[in-house]
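Structure record follows, encoded as structure tokens.
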Amino acid sequence: LGQEARRAAAMSAVVAAIPAVQEAMARGDRDALMALFGAGFAALKSDYGVDQFQFHTPPAISYLRVHQPKKFGDDLSGFRKTVVAANQDRKPIVGLEGGVAGLGIRGVVPVALTGRHLGSVEFGLTFGQPFFDEFKRTRGVDVAFHLSANSGFKLFGGTLDGRSFFDPADYRSARDGGFVIHQGKLGSMPVAALLGPIKDFSGNAIGAVEIVMDNSEYVSSLDRARQFAIGMALLGIGIAAAAGLL
């Protein structure tokens with residue numbers, strides 16, 4: 001998540017440094033910004049997992065959603081703390097945070113012109129099924145995110161096809177900061193499963209993440225060690241019996 005958030009911030013930083021962007025925000029020219037980026041958003045979404053691309057004015061007023069240009073002017077300060085912090089501290093802010101369109105991996109960067117702070121630009125990357133599919137593809141590890149909802153949990157996304165090695169009590173323990181480890185089988189493959197907490201940018205516990213890895217090598221090593229120990233024990237009994245007989 002941290003790696004993806006830094007990627008989002010890097011994309012935002014490139015846009016914030018473009019003189020045409022700075023000038024358009026300085027004169028309040030929303031159409032100019034849309035002309036720069038509107039045509040290319042579809043490729044950003046399909047090729048790079050960009051769900052949101054937007055500009056804000058201080059403290060956190062939506063100025064332009066490139067992904068939804070007809071909706072703007074709403075005040076996000078009540079729930080978009082990354083945007084508030086970027087405009088308040090005037091420095092890049094990254095993190096996982098909910099928004100109008102749901103959870104996203106955010107990278108928010110201030111926009112300025114000749115020292116005058118104008119607002120911020122944000123890229124929000126996919127935090128949904130495509131994120132989990134890519135995680136498994138690149139790392140060979142299964143993952144599932146269980147989102148805290150009312151008094152229970154619901155599956156937000158993952159690659160375990162709805163299966164889990166943990167119960168609701170384990171989810172609550174992980175959400176509250178604990179880590180739980182179980183061993184089991186995924187089909188015929190021995191696995192080790194780790195459950196741990198997920199927090200958003202504001203530090204709020206929002207759920208638990210389940211990581212499931214192939215444990216075959218460890219199980220095989222354990223079996224070999226067990227067989228070796230049994231063999232050594234039998235050899236020792238044999239030697240003792242022979243010595244006793246002699």
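The values are calculated or read from the model by the stated rules, or taken from the named source; none is laboratory data. As the structure is a computational prediction, the values presented were derived from the model and not from experiment. Positions of Cβ are backbone-derived with ideal geometry, glycine not excepted, and every protein chain shown enters the neighbour counts. Protein only, heavy atoms only, side chains kept; ligands, DNA and RNA dropped before computing areas. Shrake-Rupley method; radii C 1.70, N 1.55, O 1.52, S 1.80 Å.
Computed quantities for the displayed model
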quantity	calculated
Qualifying residues in region 1-31 (those that are open to solvent by 70 Å² or more (accessible area, probe 1.4 Å) and among the basic types (K, R)) - the one farthest from G98 (Cα to Cα)	R27
All positions within region 146-181 that are among the polar types (S, T, N, Q), touching a helix residue (DSSP H, G or I) at 6+ places or on another chain (Cβ under 9 Å) and modelled with pLDDT under 90	S148, S164
Scope region 210-235; condition surrounded by 11 or more Cβ atoms within 10 Å (Cβ to Cβ) and at pLDDT 75 or above; matching residues	E210, I211, V212, M213, D214
Breaking point among (1) surrounded by fewer than 17 Cβ atoms within 10 Å (Cβ to Cβ); (2) touching a residue at least 12 places away in the same chain (Cβ under 8 Å); (3) aliphatic (A, V, I, L, M), for A43	(2)
Residue within region 125-142 that is under 22 Å from R27 (Cβ atoms) and outside any loop (DSSP other than H, G, I, E, B) present	no
Search result, residues across region 164-195 that are more than 26 Å from G2 (Cα to Cα) and either assigned to a loop (DSSP other than H, G, I, E, B) or of a type in the set (K, R) (or both)	D167, K185, G187, S188
Close pairs from region 196-211: first closer than 18 Å to V94 by Cβ and outside any strand (DSSP E or B), partner modelled with pLDDT of 85 or more and among the polar types (S, T, N, Q), Cβ under 8 Å, at least 6 apart	F201/T82
Tally of residues being in contact with a Phe, Trp or Tyr (Cβ under 6 Å, 6 or more places away or on another chain) and open to solvent by 30 Å² or more (accessible area, probe 1.4 Å) across region 97-152	2
Residues within region 55-88 that are open to solvent by 20 Å² or more (accessible area, probe 1.4 Å) and farther than 22 Å from I18 by Cβ, tallied	12
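Residue-by-condition table, conditions (1) under 17 Å from the mean Cα position of the chain (by Cα); (2) basic (K, R); (3) within 20 Å of L96 (Cβ to Cβ):
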{"residue": "G152", "(1), (2), (3)": "no, no, no"}
{"residue": "T159", "(1), (2), (3)": "yes, no, yes"}
{"residue": "D167", "(1), (2), (3)": "no, no, no"}
{"residue": "G178", "(1), (2), (3)": "no, no, yes"}
{"residue": "G184", "(1), (2), (3)": "no, no, no"}
{"residue": "L195", "(1), (2), (3)": "yes, no, yes"}
{"residue": "K199", "(1), (2), (3)": "yes, yes, yes"}
{"residue": "N204", "(1), (2), (3)": "yes, no, yes"}
{"residue": "G207", "(1), (2), (3)": "yes, no, yes"}
